[in-house]
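Below is one structure, written out as structure tokens; the observations come after it.
The values are calculated or read from the model by the stated rules, or taken from the named source; none is laboratory data. For clarity, every value in this text was computed on a predicted model and none was experimentally measured. Cβ: placed from backbone, ideal geometry, glycine included. Neighbour counts: every protein chain shown. The protein model used for the area step is the full one, side chains on, heavy atoms only, and it has no ligands, DNA or RNA in it. Shrake-Rupley method; radii C 1.70, N 1.55, O 1.52, S 1.80 Å.
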Amino acid sequence: MNSSILNSKDINFASECHTELRKQFSRSRGVTLVNGNLTGNARSDGSGVSARVYKNGTYGFSSMAEVSDDAVRAVLKAATENAEFMSKHINKGKPNLPSVECGKYISTTPINETEQRVYIDFAREIDNYISKKYKDLKSRTVAIREDSSEKILRVSNGFDAHTKFIRSYVYVFLNSETPDGKPVELFKAFGGFGGFNSNFNNPADLYPEIDALYEKVMQKREGVYAEAGEKTVVLGGIMTGMLAHEAVGHTVEADLVLGGSVAGHNLGKQVASELVSLTDFANHAFGKDAPLPVYVDDEGVQAVDAKIIENGILVGYMNNRETAQHFGMTPCGNARAFSYSDEPLIRMRNTAVLPGKDKLADLIASVEDGYYLIDSGNGQADTTGEFMFGVSMGYEIKNGKLGRALLDTTISGVAFDMLKTVDMVSDEVVWSSSGYCGKKQPMPVGMGGPAVRCKVMIGGR
């Protein structure tokens, strides 16, 4: 994508106003096969420019679904006029945003085009494998998705950046039913950051994990309902990650803190067991690339890790430039916009509970009568930290050993209360990054964590 006027010296920003100018190209690709039938085959592209100007505590924003020098000039002019209008009529009288480190960032991530036929052929090979080997399934779905965005950002203060983001996944859904006819479904997502051709070479590479998924479906169809009540459980890494994102992460987004979230009166206080630490990682975690790395956010702030909980103490929030100024914190690059027509909001990147020193086998062995909860298909939480998550896969634990599989159930509680019951944390982190977080606009995010032993309310039949 040509940077053209965004890198031109002809663009001058008013010194008294923080200004962001962004050009963006986004695309998505996807195919879906249901029982071998092609039910989805889509390609979409979108591009445009936007500008945002901050003056005296108010923002002016403008966007246009056109990529040209004239469009750049038009949105910059409109955003400036909007900021002046808002400042005149609202007059918050706030100073300009504090300066941050300045520089340039240019991504080397490749975004290559893949023919739709490649996705279809790959999905058909997987579907054929499942249909020939597992004839007792009620239905099967294979879906492939690839989405990407490329942004050129110029700011009055901060990092000018040319960023590229691409991720690709293969989703496999297997459906059966219990002996009394109740539906049973499990799915698994394969893939991660990077284009389809870099993440997937041969459909056969996925067959062993598809086999394992089928075995879980067969175990679940013979499963039992959990016993309702407060139980000692081992939450698998995916469940811990959902808790970190939904029930903790959203409460510490500074705009929601200002709106009255539970984190507002807990800063500096114990909100979890001293075994629990939680960080929103920018681009690297635990010596590896983070699942969905962010290097510069859409306000031109260089992305660094944001510590949220340290040894059980709430130590920080996720901020944009404005809320960081309000709370006396340092912005860490959490302001992200999904489309060119979206303003940056405070968003998570790769939010995870840090690993401990225990082995998963020891966590399970320590439970006399409880449950090992592995996967979740859905969940919800509010700004009080109260949550309810669906559990799509789990097992009984009896006398320290795994027992029968569980049918669908739920867990619920208040995050900062439940986290105080954590008394064992495993040494291995499991990540999930195939979904979207919804907060006025969708956003790709990563979430993860180790297995933890804790007490939680579990639903029954």
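Values as computed for the structure displayed
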item: Residue in segment 360-373 that is assigned to a loop (DSSP other than H, G, I, E, B), surrounded by 24 or more Cβ atoms within 10 Å (Cβ to Cβ) and either modelled with pLDDT of 95 or more or basic (Lys, Arg) (or both) present; result: no
item: Filter result for the condition that a residue is modelled with pLDDT of 95 or more, farther than 17 Å from residue 445 by Cα and surrounded by 20 or more Cβ atoms within 10 Å (Cβ to Cβ), over 324, 285; result: 324
item: Any chance residue 316 is touching a residue at least 12 places away in the same chain (Cβ under 8 Å) and open to solvent by 20 Å² or more (accessible area, probe 1.4 Å); result: no
item: Selected residue (criterion: least open to solvent (accessible area, probe 1.4 Å)) from residues of segment 256-266 that are of a type outside the set (A, V, I, L, M) and in contact with a helix residue (DSSP H, G or I) (Cβ under 6 Å, 6 or more places away or on another chain); result: 261
item: Complete set of residues in segment 273-298 that are touching a helix residue (DSSP H, G or I) at 6+ places or on another chain (Cβ under 7 Å) and of a type in the set (A, V, I, L, M); result: 276, 278
item: Of residues in segment 384-413 being in contact (Cβ under 8 Å) with a residue 40 or more places away in the chain and assigned to a loop (DSSP other than H, G, I, E, B), the one surrounded by the most Cβ atoms within 10 Å (Cβ to Cβ); result: 385
item: Selected residue (only one of 32, 80, 39 is open to solvent by 60 Å² or more (accessible area, probe 1.4 Å), out of contact with any Leu (no Cβ under 6 Å at 6 or more places or on another chain) and of a type in the set (Ser, Thr, Tyr)); result: 39
item: Qualifying residue in segment 429-442 (condition: under 17 Å from residue 362 (Cα atoms), open to solvent by 10 Å² or more (accessible area, probe 1.4 Å), touching a helix residue (DSSP H, G or I) at 6+ places or on another chain (Cβ under 8 Å) and among the charged types (D, E, K, R)); result: no
item: Which numbered condition residue 418 fails, given (1) open to solvent by 40 Å² or more (accessible area, probe 1.4 Å); (2) not in a strand (DSSP E or B); result: (1)
item: All positions within segment 42-68 that are open to solvent by 50 Å² or more (accessible area, probe 1.4 Å) and closer than 30 Å to residue 171 by Cα; result: 42, 43, 44, 45
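Conditions (1) open to solvent by less than 90 Å² (accessible area, probe 1.4 Å); (2) modelled with pLDDT of 95 or more, marked per residue:
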site	(1), (2)
87	yes, no
97	yes, no
102	yes, yes
107	yes, yes
114	yes, yes
117	no, yes
121	yes, yes
126	yes, yes
131	yes, yes
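Conditions tested, residue by residue: (1) free of Cβ contacts under 8 Å to residues at least 12 places away in the same chain; (2) small (Gly, Ala, Ser).
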position	(1), (2)
163	no, no
171	no, no
177	no, no
181	yes, yes
194	no, yes
209	no, no
213	no, no
240	no, no
